[in-house]
Structure formats: structure tokens, C-alpha cells
Amino acid sequence: MDRQQEFVLRTIEERDVRFVRLWFTDVVGSLKSVALAPAEVEGAFEEGLGFDGSSIEGLARVFESDMLAQPDPATFQILPWRGETEATSRMFCDILTPDGEPSSADPRNVLKRTLSKAADMGFTCYTHPEIEFYLLKSQEPGPDGSPIPVDEGGYFDHVPGGVAQDFRRTAVTMLESVGISVEFSHHEAGPGQNEIDLRYADALQTADNIMTFRTVIKEVALQQGAYATFMPKPFTAHPGSGMHTHFSLFEGDTNAFYEAGAEFQLSETARQFIAGILKHAPEFTAVTNQFVNSYKRLWGGGEAPSYLSWGHNNRSALVRVPLYKPGKGQSARIEYRGIDSAANPYLAYAVLLGAGLKGIEEGYQLPAAAEDDIWSLSSAERRAMGHDPLPASLHDAIRTMEDSELMPQILGEQVFEHFLRNKRAEWQDYRLQVTPYELQRNLGIL
């Protein structure tokens, strides 16, 4: 037994932990949980916990349903919202096949495989997400059918006595108590919209942190009589919720994206990484923007980027290179602005990193940076400048992903097929709906 496992078992005994929750996600990123009695944890470390994988979306076909959940002791945390008496803890799991091999259908394993490829190329990947969400008065819509936000605040607004202020303070405290470092938090542009930015961590830890983050945010909201949603675009008239993520690659202790004296201080590695993301973005948009509603955010105005472009401090670009600070070469990074807050972080980071690594492997050439506000250009101007659009709907994104050679390589055939099957079913369900918009628009005149 290794030291981390010993630490977990000792802590469970010392803190009188009564329940140990094992966490993992399905193919679309829904959190799954099973509670273990403390006496069963040592056995789960050694042999895993058996469960029926065919009941979990995308995890196993019916004829190969037996799976094992193997807890990762490095992810052990006490869950503060469950109280100190008879404490509850959690660990993330890796999903294994009955013979102990990592399951190709486990989203966490998909990201681990991509990070392993990066390591083979000499890179460690660090990520830093800016997570937006809406705080609503309840899950129930108002009289007009729209959600009701907890306030009418705007970007960086300080709302005296506002629910969101107390909410953010409590949420940040709780996040830090489960080992998630927060860089800063503030009110976002929409009413009731908030943003909390997590500190840099390696990509696997960040993906685990995002799954924990969503749970903490929802728990704190419920405690305060509110409801938190990570839906990409809950309001027609207000901005959607993105999860802009900053990426950097390190070779040992050296930032591989930094080159003194180069344009924007960007190394050739960084330029090839951006070129890989831009080339393959249409193929992976179904993963980073996985719901019908995601495309209301991408094409609904606000600051959501809809076209293939990159720029230095250009907030209309899909990939942004933040302003360089003299003497801060280690902080050189790029920001992908397309991803939304409802993505499965394991798969989303796998496809983004995998596309960037492909650009480095193949030596992709980066087109010129976009200087203009891309939203203000005409369609003809955008075409002339090579700013092709991202897919306009989930249907378009599915079709583009189906034709991709790279996505099944990154995701593995099983995740690729299960994910597409889930998304086709969602599109089909959506396509059959008669919406309030159609009834309001057409019922009285047709």
C-alpha cells in the first residue's frame, strides 16, 4: 500500500469519516457517485469496486457491463457541506475493465492518455479556467417563462447586501477548504451572473477541480435559497456562460510558449499549438459546446467567439494571447474562449490539448493575427481574411465531428461513438419540439 492510500485510511479513522463517496463522470460529464463504508475503502484501493457499467451513459455496452471503479487517493477530500459530525469524503475514480486495464470509455482516462502523449513529447500541460454561471432565485421560471436572476447587477458590480456577494464569499471559502485555489471572483455582465477563476493546475487536476466546483456551487446556492445553473445560455437577452481556459505547456521548469523578442513573445511551439487548435476547432466543437443550447451562446452575441481567429488581447477572437507582462515569461499562455461551462472538462481538455499537440507534431503554420473586431466585419470580409465560422448548431457540429480523423484518435473509438450517439439523440429530440417562439410567431397568422 502506498503512502497516499495510508494517509487516506488514517484520515478516515481520525476524522470519523462515515461515508466515502467515489466520483466519476459519464460521457457527457454528469457526475456519478457511490458511497462506500469506511471498512470497504482498503479493498477498493486493492481491487476496485465492481459496478454495472452498461447503466452509465457511454461507459460500456450491455454485453461487457462489468466495470471497476478504482479510487485515486490523491483526490481524497472531506466534503465540508456535509457537516463535521459523521463526515463525508470523496475520491475521484479511474474506471477499469474486469482484468484491471484502464477503460477506454472513461473520460478521465481519455484526458490521461492525451497528457501521457504530451509527456512523451516533453510537455506538461497547465490550465486555468474562468468559470461563469447564473445564480437564480429558483429552478422554476417566472410568469413569462424565463428564469428569475437573484439580482440585476452587471460586470464587476458591487451589489450592497446582494445575495451574490455572500454567495461568492461562502463558495470561495468552501472551494479552498476542499483544496481548490481561487484566483478571483466577481459579478459578470448578466443579471445574477458570476465568474470564479481557479488558479493554474495541471490539466487533470483542473478537470477534477471543475467537477468539484460545480457541485460546491450548486450546494452553496441551495443552502442560500437560490439555484445555480451552468446552462450555456439561459437568457435570450443576456450573455451566455463560458469557461474560457488558459493553456500553457512547460518543458521541465521552462515555459515552452515563451520566446523573448518574438512577436507577442510567442515561441514557435506556441504558434503551432494555436494553429492546431484553430485548424481542428470545428471538429471538436461538439465536445467543447455539447448541448443544443450551447449554440445559442456561440451565435447569440455577447462576447462569445464564433469564428476561427486568434489575436493579441482581441476579445472577439477564438484564441486570445493575453497581454505580455515584462519579466513574466513563465506566465506566457493562450486562452481558448469557445468552451462553455457545461462541457465535460475531461473530454474538452483532451480534444483541445490533442489538437494543439497535433499542430506541434505536424508543424502547422499560424495565419496572421486578427486585429479587427471580428463581429463588426461583414461575412465577405471575414471570408476574405480566412475567419471561417464555427458550426452554427449542434447538428452542424455533429456532422463535422463525424468526418474528423483526429477526434476518434484522441477520444478513442468507443467514446467517439458513444458521444456522437448521445448528441444525435439530443438533436433529434430538439428537432421534434414545437417551441414557444414558433407558436407566438406563427399561430396567430398562419
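The values are calculated or read from the model by the stated rules, or taken from the named source; none is laboratory data. All figures in this text were calculated on a predicted structure; none of them were measured in a lab. No Cβ is skipped: glycine too gets one built from the backbone with ideal geometry, and neighbour counts run over all protein chains shown.
Screening GLY240 against (1) assigned to a strand (DSSP E or B); (2) touching an Asp or Glu at 6+ places or on another chain (Cβ under 9 Å) leaves a single unmet condition, (1).
Among the candidates THR229, THR269, THR245, the residue that is surrounded by 22 or more Cβ atoms within 10 Å (Cβ to Cβ), in contact with a Phe, Trp or Tyr (Cβ under 8 Å, 6 or more places away or on another chain) and of a type in the set (Val, Ile, Thr) is uniquely THR245. Any residue in the range 259-280 that is touching a Pro at 6+ places or on another chain (Cβ under 9 Å), among the aromatic types (Phe, Trp, Tyr) and assigned by TED's automatic domain parsing to the domain that holds LEU353? Within the range 259-280 (the criterion being touching a Pro at 6+ places or on another chain (Cβ under 9 Å), among the aromatic types (Phe, Trp, Tyr) and assigned by TED's automatic domain parsing to the domain that holds LEU353), the answer is no, since none of the residues qualifies. Among the residues of the range 184-199, how many are buried (at least 18 other Cβ atoms within 10 Å of the Cβ) and either assigned to a loop (DSSP other than H, G, I, E, B) or among the polar types (S, T, N, Q) (or both)? Adding up the residues that qualify gives 7. The sole residue among GLU335, GLU417 that is closer than 27 Å to ALA207 by Cα, assigned by TED's automatic domain parsing to the domain that holds ALA118 and more than 19 Å from the chain's Cα centre (by Cα) is GLU417.
Name the one entry in ALA380, ALA384, ALA397, ALA392 that is buried (at least 19 other Cβ atoms within 10 Å of the Cβ) and either modelled with pLDDT under 85 or in contact with a helix residue (DSSP H, G or I) (Cβ under 9 Å, 6 or more places away or on another chain) (or both). Among ALA380, ALA384, ALA397, ALA392, only ALA397 is buried (at least 19 other Cβ atoms within 10 Å of the Cβ) and either modelled with pLDDT under 85 or in contact with a helix residue (DSSP H, G or I) (Cβ under 9 Å, 6 or more places away or on another chain) (or both). When the criteria are applied in full, THR206 meets the requirement of being of a type in the set (S, T, N, Q) and part of a helix (DSSP H, G or I). Considering PRO149, PRO102, PRO80, the condition of being farther than 21 Å from GLN409 by Cβ and surrounded by fewer than 20 Cβ atoms within 10 Å (Cβ to Cβ) is satisfied by PRO80 alone.
Just wondering, is there one or more residues in the range 257-273 that are at pLDDT 95 or above and within 21 Å of the chain's Cα centre (by Cα)? Checked against the condition, which is being at pLDDT 95 or above and within 21 Å of the chain's Cα centre (by Cα), the range 257-273 yields at least one hit. Is it fair to say ARG113 is surrounded by fewer than 22 Cβ atoms within 10 Å (Cβ to Cβ), touching a helix residue (DSSP H, G or I) at 6+ places or on another chain (Cβ under 8 Å), at pLDDT 90 or above and not polar (S, T, N, Q)? Criteria met by ARG113. Take GLU47 and tell me if it is in contact (Cβ under 8 Å) with a residue 12 or more places away in the chain, more than 27 Å from GLU219 (Cα to Cα) and more than 28 Å from the chain's Cα centre (by Cα). Yes.
Of the set (1) under 21 Å from the mean Cα position of the chain (by Cα); (2) in a loop (DSSP other than H, G, I, E, B); (3) over 22 Å from THR236 (Cα atoms), all apply to ALA392 but (3).
Residues in the range 2-34 that are free of Cβ contacts under 8 Å to residues at least 60 places away in the same chain and either touching a Ser or Thr at 6+ places or on another chain (Cβ under 8 Å) or more than 30 Å from ALA350 (Cα to Cα) (or both): GLU6, LEU9, ARG10, GLU13, GLU14, LYS32. Within the range 180-195, identify whether any single residue is out of contact with any Pro (no Cβ under 7 Å at 6 or more places or on another chain), without any contact (Cβ under 8 Å) to a residue 12 or more places away in the chain and within 30 Å of THR114 (Cβ to Cβ), and answer yes or no. No - not one qualifying residue is present in the range 180-195. Contact map, the range 81-100: first residue closer than 16 Å to ALA35 by Cβ, second residue among the hydroxyl-bearing types (Ser, Thr, Tyr) and surrounded by fewer than 18 Cβ atoms within 10 Å (Cβ to Cβ), Cβ cut-off under 7 Å, separation 6 or more or different chains; pairs are ARG82/THR88. Within the range 266-308, restricting attention to residues that are of a type in the set (S, T, N, Q) and in a helix (DSSP H, G or I), which residue is nearest to HIS244 (Cα to Cα)? Among those residues, the one meeting the criterion is THR288.
Name every residue in the range 53-86 that is at pLDDT 80 or above, part of a loop (DSSP other than H, G, I, E, B) and among the aliphatic types (A, V, I, L, M), in order of residue number. LEU79 - this is the single residue of the range 53-86 that is at pLDDT 80 or above, part of a loop (DSSP other than H, G, I, E, B) and among the aliphatic types (A, V, I, L, M).
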